[in-house]
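Visitor: Shown below is the structure under consideration.
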Amino acid sequence: MIVCEEPNNRLDKFTGTMHWRKDRFPLDLDNMMLRGCRIRNTDECHGLVIFAGADTKIMRNGGKTRFKRTKIDELMNYMVYTIFVILVLLCAGLAIGNTFWYEEVGSKAWYLYDGKDQTASYRGFLSFWGYIIVLNTMVPISLYVSVEVIRLGQSKFINWDLQMYYQEKDTPAKARTTTLNEQLGQIEYIFSDKTGTLTQNIMAFKKCTIAGQTFGDPANVAGVPLDRGKPVDFTWNKYADRKFEYLDHSLVACIRSKKDKDTLEFFKLLSLCHTVMVEQKEDELVYQAASPDEGALVTAARNFGFVFLSRTQDTITISEMDQEMTYEVLALLDFNSDRKRMSIILRFPDGRIRLYCKGADTVIYERLSPNSKHKEVTQTALDIFANETLRTLCLCYKDISKQEFDAWAKKHKAASVAMGNREAALDRVYEQIESNLMMIGATAIEDKLQDGVPETIAKLAKADIKIWVLTGDKKETAENIGYSCKLLTDDMQIHYGEDVNCVLCKQHVHSDNENGKRLVNIYLSLSLSVSVSLRVCLSVSLRVCLSLPVCSVFVCLRLSLSNEILYEKKKKRRRLRLKRLGKRPAAAATPQDAAQPIDDWEKETRQVDFVNMACECEAVICCRVTPKQKANVVSLVKKYKKAVTLSIGDGANDVNMIKMANLQILVFSGCKHNPHLWTSGPHTTLMESVSDRLSRHMHICGLLEVILQGSFEVAIMNDDYYFIYDFLLPLQVAYEDWFITLYNVMYSSLPVLLVGLLDQDVNDKLSRKFPKLYLPGQQGALFNYKNFFISLFHGIFTSLVIFFIPYGAFLQTMGQNGEAPSDYQSLAVVMASSLIFTVNMQISLETSYWTFVNCFAVLCSIAIYFGIMFDIHSAGIHVIFPSTFTFTGVASNALRQPYLWLTIILTVGITLLPVICIQFLYKTIWPSVGDNVQRNRKKYEMEEEEEEKSTPFQRGRRSRRSAYAFSHSRGYADLIASGRSIRRRPARARPNPRDSIREIPQAENI
């Protein structure tokens, strides 16, 4: 019998118990198989269907998918709504006019009588819907098709971009959606993970401290430190990894001498305390680790003579300096993001029972025995490692008596089969055995920054894009990485710790008691505490009262009076808005009342305070945040700033943050990437290419020109309205039916599409050199209601010219035969020809980047128009379809008249003259950044060529700042305990090492 949880949608958790032969066995996530899973390295297995149909986890996760829309989509929808309202008003006006006309004129003219005795109002009602049908071309339905085609083409260009191709892994960029491309040009905030995104996530064992002695710095025979020593020769070790490199020869000599027991115990711990899986491939050991940190540590132990060889369900075998030893595994206490440590309990061949433990310094130091040695020396070494961009883990052990272990094993068995709160029960049992530990030392692993990260951040900052780094690492880690990647600079004033809580509480007091009082220098100290359930909890008292884990955050900024004034204005607007939430609750009378959860008013106020202050800073770094908290931070900015956000990550712990943002970029780098990540967004390979993506693909001018051109062409089609109004003809259009049908498909679509796909105001190099070119799109200056109405009025003016100039010419002009060709069909041909020339010339004036394809498209569109027009006006097609093609011979007769060609030239010239004049004025008197770059393009290109010639290579410089942390992905403990082996899993989130032991405990917990 199996007792398990009810059906749910959690893919990362399963709790159950199997009753078999009067015994109980725990069932968890590692016993569960989802649809599509495959098993390897397993001869046979037994399965049982627990849930079926709609109760399966896969089906319960198949809920509604949230479709993301861009700001341009929203504006375009409002634009269509506006055009539709205008259409309804125009048709209503025409229907009313037609009603009055029929009462005054139509009903009295016998030759207009249609034999239907209908009232004037009923005729007006029918006329309204008839005008809706006739003037339906005003609604730009084809605009949506054009925009989607352009987006599809832009996505292909992203996929084909060689600048974003990662040659080492043969990985091109991949756009996972076609609906978000233009938002690359509107980003205001970037939220980035640290490990694997800013860093390479490729770990290398660099240094260690063992029993108070530090190893890792290269030195000569005399002990003088060297900048770069000769790598250690590991040929004496037949199991050594050839790729492993170490510079301190003294550590190898110490191990090979076998005199220092602490050193031998140190590497024995590394080879035993882990959840690494091993495979034999071509007589070589291949390790599969749940995190790159763990793989690096086991590989280091392997090279120093302590080789992990194999493991079974209850044993682990290693080679200790060429001597094979097998240890019995009694218990494996796996890692999770709350514990920040893992332990293994082993029975040695001589019968001794020992616990080995490794984890974050804060959790380890809390559990050390008072008799443990080397605590202060190890802490000093940890601080030194932090200044060298190294990630640290503390190692310790504990000897356990048989009686103590037997008593603990019973508790562990009971907790492992508990149905309710199994994880909490196991954690309590783990706490009992992981106490009074003895310190051995600490490891230091290097995780280098990705190439081009500082340059990328500098470019993004110049483009006025604010960068927030959200990481689960500790505060020192985040700060040092911030300096390494130039997110933080020496001219910034940095504030962190618990002071921001006091600032925000003080701000609350000021806003509640005296609305007119101004908060004096709100930037004196800044920090953040984010609660798991309350999202943003910024009060020290609340942080003390609540038992929820919190995370600490620090932000950096430059002080300025303008920022304070701007914040004061925002604060007044915020107070007015928060009045809708109700009055602030009264102060608590007792400490018990103060411990109650804060209400919606308090949460809303603190959230707004945090967002407003953080968004005034130049950079924000949130440390010790969980995946859920990352998503909450992004949600706050989206909610209160209405800004376009971009999330960048590379692993499963970033999924919540990535899915919450408007735009997502998944970086394929290092070892942490989860190939089964199901987020939708562009995928690329390195952090450096993110800058290229934004600089090369940020120009949304082409797409916006298409939209504005669509509204321009909508207004042009008002010629039908003028024709109906002028001649008082119901349901009669100014153009031929076939012209209206083919206009969007054949005559005007190709040039517009090519502008949207190919047009660029500057080339790629200049766009990277001048990040300020990004600002117009970010500020919404390229497409808004102002530009829409300008384009609409421009179209109305053009339609007036296209209609009334040919109309006036037909009234006052005489043909070659002495007769005035005042027929409707000739007028329609002239108007249509003028429209085709005007539209194609208009799009030509808006084109900044000319190619052969653009020229061909414009000329081809005009040629296709005349070719089709002469064909459908020919006598031959009229004979075959007499009722369909009624403009027989009109084109050849009308265009034979020279004055009609002069009319077309005059019409086109008058319509384009204002456009030419306005463009001239803007480019000469009010030039934009793009106009100035275009004007000096050749100069900048020559400077670029000279720089490339003068600097063939640039030597990098190691940052003096650093960081330390460790990976916090769940290991293979449950698999090992179950005796099964599966394929390598993708690494998950990194652990959140706590702050140093000198800091307050409240700031250390998650």
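Visitor: Name, by its number, the condition in (1) more than 20 Å from residue 756 (Cβ to Cβ); (2) at pLDDT below 85 that does not hold for residue 157.
Guide: (1)
Conditions (1) touching a strand residue (DSSP E or B) at 6+ places or on another chain (Cβ under 9 Å); (2) in a helix (DSSP H, G or I); (3) assigned by TED's automatic domain parsing to the domain that holds residue 809; (4) under 25 Å from residue 767 (Cβ atoms), marked per residue:
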| position | (1), (2), (3), (4) |
| --- | --- |
| 848 | no, no, yes, yes |
| 865 | no, yes, yes, no |
| 884 | no, no, yes, no |
| 896 | no, no, yes, no |
| 901 | no, yes, yes, no |
| 907 | no, yes, yes, no |
| 911 | no, yes, yes, no |
| 922 | no, yes, yes, yes |
| 939 | no, yes, no, yes |
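Visitor: Anything in the range 350-363 that is under 48 Å from the mean Cα position of the chain (by Cα) and in a strand (DSSP E or B)? List them, or say none.
Guide: Scanning the range 350-363 gives 354, 355, 356, 357, 358, 359.
Visitor: Which of the residues that make up the range 357-366 are charged (D, E, K, R) and either in the same structural domain as residue 473 (by TED's automatic domain parsing) or touching a Cys at 6+ places or on another chain (Cβ under 8 Å) (or both)? Even if it seems obvious, please write down each step before you answer.
Guide: So in the range 357-366, the residues charged (D, E, K, R) come out as 358, 361, 366.
Selection gives 358, 361.
Visitor: Now a separate question. Can you tell me how many residues in the range 40-56 are surrounded by 14 or more Cβ atoms within 10 Å (Cβ to Cβ) and under 24 Å from residue 334 (Cβ atoms)?
Guide: Adding up the residues that qualify gives 1.
Visitor: When you go through (1) touching a strand residue (DSSP E or B) at 6+ places or on another chain (Cβ under 6 Å); (2) farther than 24 Å from residue 396 by Cβ one by one for residue 282, which number turns out not to apply?
Guide: If we test residue 282 against (1) touching a strand residue (DSSP E or B) at 6+ places or on another chain (Cβ under 6 Å); (2) farther than 24 Å from residue 396 by Cβ, just (1) comes out false.
Visitor: Does residue 379 count as surrounded by fewer than 17 Cβ atoms within 10 Å (Cβ to Cβ), in a helix (DSSP H, G or I) and polar (S, T, N, Q)?
Guide: No, not satisfied.
To keep it simple, each residue is scored yes or no on (1) under 25 Å from residue 328 (Cα atoms); (2) in the same structural domain as residue 359 (by TED's automatic domain parsing); (3) surrounded by 15 or more Cβ atoms within 10 Å (Cβ to Cβ).
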position	(1), (2), (3)
235	no, yes, no
248	no, yes, yes
252	no, yes, yes
264	yes, yes, yes
267	yes, yes, yes
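Visitor: Any residue at all in the range 455-468 that is part of a strand (DSSP E or B) and surrounded by fewer than 19 Cβ atoms within 10 Å (Cβ to Cβ)?
Guide: no
Visitor: Does residue 343 satisfy the criteria of being among the hydroxyl-bearing types (Ser, Thr, Tyr) and closer than 30 Å to residue 204 by Cβ? Can you show your working first?
Guide: Numbers: among the hydroxyl-bearing types (Ser, Thr, Tyr): yes; closer than 30 Å to residue 204 by Cβ: yes.
Spelling it out, residue 343 is indeed among the hydroxyl-bearing types (Ser, Thr, Tyr) and closer than 30 Å to residue 204 by Cβ.
Visitor: Output yes when any residue across the range 434-454 is in a helix (DSSP H, G or I), acidic (Asp, Glu) and touching a residue at least 12 places away in the same chain (Cβ under 8 Å), and no when none is.
Guide: No, every residue in the range 434-454 fails to be in a helix (DSSP H, G or I), acidic (Asp, Glu) and touching a residue at least 12 places away in the same chain (Cβ under 8 Å).
Visitor: Quick one: residue 291 ticks every box in (1) surrounded by 24 or more Cβ atoms within 10 Å (Cβ to Cβ); (2) small (Gly, Ala, Ser); (3) modelled with pLDDT of 90 or more bar one, so which box is it?
Guide: Failed condition: (3).
Visitor: Could you tell me which residue of the range 145-171 is surrounded by the most Cβ atoms within 10 Å (Cβ to Cβ), considering only residues that are free of Cβ contacts under 8 Å to residues at least 24 places away in the same chain and farther than 18 Å from residue 764 by Cα?
Guide: Only one residue fits best here, namely 145.
Visitor: State the number of residues belonging to the range 820-877 that are over 19 Å from residue 743 (Cα atoms), acidic (Asp, Glu) and over 49 Å from the mean Cα position of the chain (by Cα).
Guide: So the answer is 1.
Visitor: Within the range 291-349, considering only strands (runs of 3 or more DSSP E) that don't extend past its boundaries, which have at least 1 residues that are within 18 Å of residue 279 (Cβ to Cβ), touching a strand residue (DSSP E or B) at 6+ places or on another chain (Cβ under 9 Å) and touching a residue at least 60 places away in the same chain (Cβ under 8 Å)?
Guide: 306-311, 315-320
Visitor: Quick one: in the range 57-79, which of the residues that are surrounded by fewer than 12 Cβ atoms within 10 Å (Cβ to Cβ) and part of a loop (DSSP other than H, G, I, E, B) is modelled with the lowest pLDDT?
Guide: Among residues in the range 57-79 that are surrounded by fewer than 12 Cβ atoms within 10 Å (Cβ to Cβ) and part of a loop (DSSP other than H, G, I, E, B), the one modelled with the lowest pLDDT is 63.
For (1) modelled with pLDDT under 85; (2) under 25 Å from residue 626 (Cβ atoms); (3) under 18 Å from the mean Cα position of the chain (by Cα), each residue gets a yes or a no:
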| residue | (1), (2), (3) |
| --- | --- |
| 427 | no, yes, no |
| 430 | no, yes, no |
| 448 | yes, no, no |
| 452 | yes, no, no |
| 460 | yes, no, yes |
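Visitor: Oh, and also: Consider the range 276-290. How many of its residues are in a strand (DSSP E or B) and among the β-branched types (Val, Ile, Thr)?
Guide: Count: 2.
Visitor: Identify the residue in the range 4-13 that is more than 12 Å from residue 51 (Cα to Cα) and surrounded by 13 or more Cβ atoms within 10 Å (Cβ to Cβ) and, among all such residues, is modelled with the highest pLDDT.
Guide: Among those residues, the one meeting the criterion is 13.
Visitor: When both residues are 6+ apart or on different chains and their Cβ atoms are under 8 Å apart, which pairs have a first residue that lies in the range 41-57 and is assigned by TED's automatic domain parsing to the domain that holds residue 14, and a second that is of a type in the set (Ser, Thr, Tyr)?
Guide: Pairs that qualify, where the first residue is assigned by TED's automatic domain parsing to the domain that holds residue 14 and the partner is of a type in the set (Ser, Thr, Tyr), are 41/981; 42/981.
Visitor: Need pairs with beta-carbon distance below 9 Å; first residue closer than 17 Å to residue 923 by Cα and within the range 842-868, second of a type in the set (Gly, Ala, Ser) and surrounded by 14 or more Cβ atoms within 10 Å (Cβ to Cβ); sequence gap 6+ or separate chains.
Guide: Every condition considered, the pairs that remain are 848/702; 848/930; 849/702.
The values are calculated or read from the model by the stated rules, or taken from the named source; none is laboratory data. Keep in mind that what you see is a predicted model, and the values were worked out from it rather than measured. Note that we place each Cβ from the backbone using ideal geometry, even for glycine, and neighbour counts take in every protein chain shown.
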